[in-house]
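Down below is the structure, laid out as structure tokens.
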Amino acid sequence: MKLLRRLVTLVWVATLLVTGCVFYLFNSDPVTLDFVWLQIPETSLAVVLITTFFVGIVTGSILVLVASMLPR
């Protein structure tokens, strides 16, 4: 059972990597992000979207961790 779980995880990670590579290749249009306090130079759209996705995952994980540590 442990081997099956690792195999499924490996396939899932490989699928995500391939999807990210394909996403990067087909979304290479340069975009400029201009925040109030920060201006980011031209970067490909795929890099911006993937970075936003991972920042959301990390932020959500931290919030869930903090919420699970609070007393009920």
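The values are calculated or read from the model by the stated rules, or taken from the named source; none is laboratory data. Since we're looking at a predicted model, the values are computed, not measured. Glycine also receives a Cβ, built like all others from the backbone with ideal geometry; neighbour counts cover every protein chain displayed. Protein only, heavy atoms only, side chains kept; ligands, DNA and RNA dropped before computing areas. Shrake-Rupley method; radii C 1.70, N 1.55, O 1.52, S 1.80 Å.
Quantify, in whole percent, the carbon and sulfur part of the accessible surface of the chain (1.4 Å probe; protein heavy atoms only). Intermediate results must be reported in sequence, preceding the final value.
Working: 5020 of 6680 Å².
For the chain, the apolar C and S fraction of the accessible surface comes to 75 percent.
Count neighbours as other Cβ atoms within 10 Å of each site's Cβ, and list the chymotrypsin sites (Phe, Trp or Tyr not before Pro) in the chain that are DSSP loop with at most 15 such neighbours.
Answer by residue number: Phe35, Trp37.
How much FRET efficiency would the formula 1/(1 + (r/R0)^6) give for Thr59 and Phe35, where r is the Cβ-Cβ distance and R0 is 22 Å, rounded to 0.05?
For Thr59 and Phe35, the calculated efficiency is 0.85.
Given a 1.4 Å probe, how much area per residue of the chain is accessible, in Å²? Spell out each step's value before the answer.
Working: 6680 Å² over 72 residues.
Dividing the accessible area of the chain by its residue count gives 93 Å².
Taking a quarter of the surface of the convex hull around the Cα atoms of the chain, what do you get in nm²? All intermediate terms of the calculation are to be shown ahead of the outcome.
Details: hull surface 32.3 nm².
Mean shadow area of the hull around the Cα atoms is 8.1 nm².
Please list, in order along the range 40-54, the HN-Hα scalar couplings obtained from phi with the Karplus expression 6.51 cos²θ - 1.76 cosθ + 1.60 (θ = phi - 60°), rounded to whole Hz, x for Gly and Pro.
9, x, 4, 9, 5, 4, 5, 5, 5, 5, 5, 5, 4, 4, 5
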